[in-house]
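Colleague: So that we are looking at the same thing, I have put the structure below in C-alpha cells.
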Amino acid sequence: MTTLNIDHVSRWFGNVVAVNDITMTIGPGVTGLLGPNGAGKSTLINMMGGFLAPSTGSVTLDGQAVWRNESIYRHIGIVPEREAMYDFLTGREFVLANAELHGLGARAADEALATVEMAHAQDRKIATYSKGMRQRVKMASALVHQPSLLLLDEPFNGMDPRQRMQLMDLLRRMGDEGRTVLFSSHILEEVEQLAWHIEVIVAGRHAASGDFRKIRRLMTDRPHRYLVRSSDDRALAAALIADPSTSGIEVDLAEGALRIQAVDFGRFTALLPKVARDHGIRLLTVSPSDESLESVFSYLVAA
C-alpha cells in the first residue's frame with residue numbers, strides 16, 4: 001500500500017507564496033484535490049510528483065524523499081494540466097518513449113493505449129488529436145509502467161461525456177485495487193462521484209481534509225439546512241420551532257415541504273423523529289439540502 005506524505009511543505013516564487021505550510025497524507029484509494037484557481041493545486045501536484053522542490057518541508061513516498069530520487073519516479077505516474085506535447089510524434093511513439101525510459105517495451109505501450117481506448121488512433125500524429133484525445137494519451141503514458149501512485153491535474157479537461165465516464169471507471173478500478181490516486185478537478189460533480197476522500201486548499205493553505213459530509217458536520221458555526229416532507233408540515237413546524245436546536249423554518253409551498261435551519265446538528269437529528277412520533281406525524285422525506293460537495297466547497301472558500 002502506497003502512502004504519500006506532505007510534511008509542512010511551502011513553495012514560493014520570489015515574493016509570491018504559492019503553497020503555505022501544508023501537511024497532508026494521501027493513502028490508497030481515490031482522493032480529490034480541490035481549490036479555487038490560483039490556490040496552489042498544480043504547484044502542490046508538481047512537488048508530489050518530484051518535478052518541483054519544496055522551498056521548505058518534505059514530500060515522501062513510503063518514507064522515501066520524492067525530490068531527486070530517480071528510483072521513486074518508477075512508482076509515480078503523473079498527468080500534468082499543461083497541453084504542450086511532442087506534436088510531431090504519433091500517440092504510440094509518445095507512450096512508447098515513456099515505456100522505454102522505464103525499461104519496458106512495445107507491449108507495455110500497447111496495453112496502456114488499449115486501457116485508455118486510444119489503440120484506434122495510436123498511429124496518428126498528436127498534432128491531429130482533439131483535447132480529449134491528448135488527455136487520454138497523456139494518461140496512457142502515465143500508466144505505462146503500472147505506477148502505485150497516480151497524480152492527475154485536471155484530467156477530465158476536454159473530454160466528452162463518454163470519455164469522462166470511461167476514465168472515471170478506470171480510476172475507480174485503480175482505487176479498488178489499492179493504488180493511490182489523487183486528481184484535481186474544478187468540476188465538483190466529478191469529484192463527488194469519484195473521490196472517497198477530499199483535500200481542500202484555499203490561497204495556498206490547507207483548508208479541510210476527509211469525507212465532505214463529515215467536514216460539513218464539523219462546521220458548527222453554520223446552520224444545517226434540511227428539506228423535510230411529512231404528513232402534517234405545519235404541526236411539525238410548530239413543534240420543532242419551539243426547540244433551541246432549530247433557528248428557522250420556512251414552508252415551501254412549491255416543494256410541498258419544510259425548509260429547516262438547525263443550529264445544533266446532533267440535537268436536531270435526535271429531536272426530529274421523536275417529535276414526529278410524539279405528534280403522530282409521518283416523516284416522508286428528510287434530506288440535507290446543504291451537504292453536497294458544492295455547498296461544502298462554497299463554505300470553505302468563503303470562510
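All of the numbers you see were taken from the coordinates with simple rules; none came from a lab. Given the structure is predicted, the values throughout are model-derived calculations rather than measurements. All Cβ positions, even for glycine, are placed from backbone atoms using ideal geometry, and neighbour counts span all protein chains on display.
Colleague: Specify the residue that is nearest to Leu218 (Cα to Cα); the eligible residues are those in segment 259-283 that are among the aliphatic types (A, V, I, L, M) and under 32 Å from the mean Cα position of the chain (by Cα).
Modeller: The extreme case among them is Val263.
Colleague: Kindly indicate whether Gly175 is touching a His at 6+ places or on another chain (Cβ under 7 Å) and either surrounded by fewer than 20 Cβ atoms within 10 Å (Cβ to Cβ) or closer than 28 Å to Leu143 by Cα (or both).
Modeller: no
Colleague: Could you figure out which of (1) closer than 30 Å to Arg205 by Cβ; (2) touching a Lys or Arg at 6+ places or on another chain (Cβ under 9 Å) isn't true of Val301?
Modeller: Val301 satisfies all of (1) closer than 30 Å to Arg205 by Cβ; (2) touching a Lys or Arg at 6+ places or on another chain (Cβ under 9 Å) except (2).
Colleague: Take the residues in segment 202-239 that are in a loop (DSSP other than H, G, I, E, B) and on the phi > 0 side of the Ramachandran plot, then tell me which one is surrounded by the fewest Cβ atoms within 10 Å (Cβ to Cβ).
Modeller: Ranking the qualifying residues of segment 202-239, first place goes to Ala203.
Colleague: Residues being over 17 Å from Thr285 (Cα atoms) and over 34 Å from the mean Cα position of the chain (by Cα): count how many of those fall in segment 240-258.
Modeller: Qualifying residue count, segment 240-258: 4.
Colleague: Could you grab me the full set of residues in segment 73-98 that are surrounded by 15 or more Cβ atoms within 10 Å (Cβ to Cβ), in a loop (DSSP other than H, G, I, E, B) and without any contact (Cβ under 8 Å) to a residue 40 or more places away in the chain?
Modeller: Leu89, the sole residue that qualifies.
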